[in-house]
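Asker: Below is the structure I would like to discuss, written out as structure tokens.
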Amino acid sequence: MSKKGRRTISDDDPPEGAAEWLTTYSDMVTLLLTFFVLLFSMATVDKQKFQEVAYSLKSAFMNISRGEIFYNNNGEDIISILDDNMPDISEEQNSTNNNENNKAGLGDSDQISEFKEQVERLILEMDLGEYVQIIDNKTSLILRINSVILFDLGKADIKESGKETIRKIAELMKQLDTEIIVQGHTDNLPIKTSLYPTNWELSTKRATNVILFLINECSLDPTRLTATGNGEYRPVAPNDTEENRQKNRRIDIVISKYK
């Protein structure tokens, strides 16, 4: 073979096949791909497991025994709520007819009206007109009880005279199947004791004690009851005289007119 047909390999010529750096690069890309796949798999949420964890946390924080969820209500779409609550004229007419023929099927308004009349008679019988008021609002019926018959000044323990009043009112409330909120209110005189540093604590404790009495002594359904403390911030009279301050020291039992 002639010298022209020969090809001389020099040190500057690239080696045959892929470059060596491509091997390292491909390894790195593969590792990165694996890493991101791993992150993605960890970020994929198992819906059922997530709900189980959420329910468990709600049960723990809300102190619900046996792991129940409050009313087992996971929420509804607004559209569903509107559809479910749209009034049906035929149903209302049937309900009216049933109410006339069967007193056991009283609607909410009839129940509230009858309850109001019974409370009015009770107030007269017990001579409580000075201490118990009935406020009839569009959405609720409020029994406003002056704290003078329920509590001593600056204390939250229910007096014996107050227990008898609450017990008789509770007997009437048993016929209702609506929500009941017990609200505690005080005047604006500051309080600072070891038990009640502010009026917030005092009003809340008073409302809570009424709730506990309704549950433990009167056997009312606790799922229908709520206690709130409002301190001095919802007065019904100016806190400028002792008489007005006494009006503000009260327990409001708010009875919803709707189920």
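None of the figures in this text is laboratory data; all of them are computed from the coordinates on show. Remember, predicted model here, so these are calculated numbers, not experimental data. All Cβ positions, glycine included, derive from the backbone under ideal geometry; neighbour counts span all protein chains shown.
Asker: With respect to Thr226, determine if the residue is among the polar types (S, T, N, Q), closer than 18 Å to Asp177 by Cα and surrounded by 12 or more Cβ atoms within 10 Å (Cβ to Cβ).
Answerer: For Thr226, the condition - among the polar types (S, T, N, Q), closer than 18 Å to Asp177 by Cα and surrounded by 12 or more Cβ atoms within 10 Å (Cβ to Cβ) - is met.
Asker: Residues Thr204, Thr193, Thr198: which one is free of Cβ contacts under 8 Å to residues at least 40 places away in the same chain, of a type outside the set (Lys, Arg) and under 16 Å from Val254 (Cβ atoms)?
Answerer: Thr204
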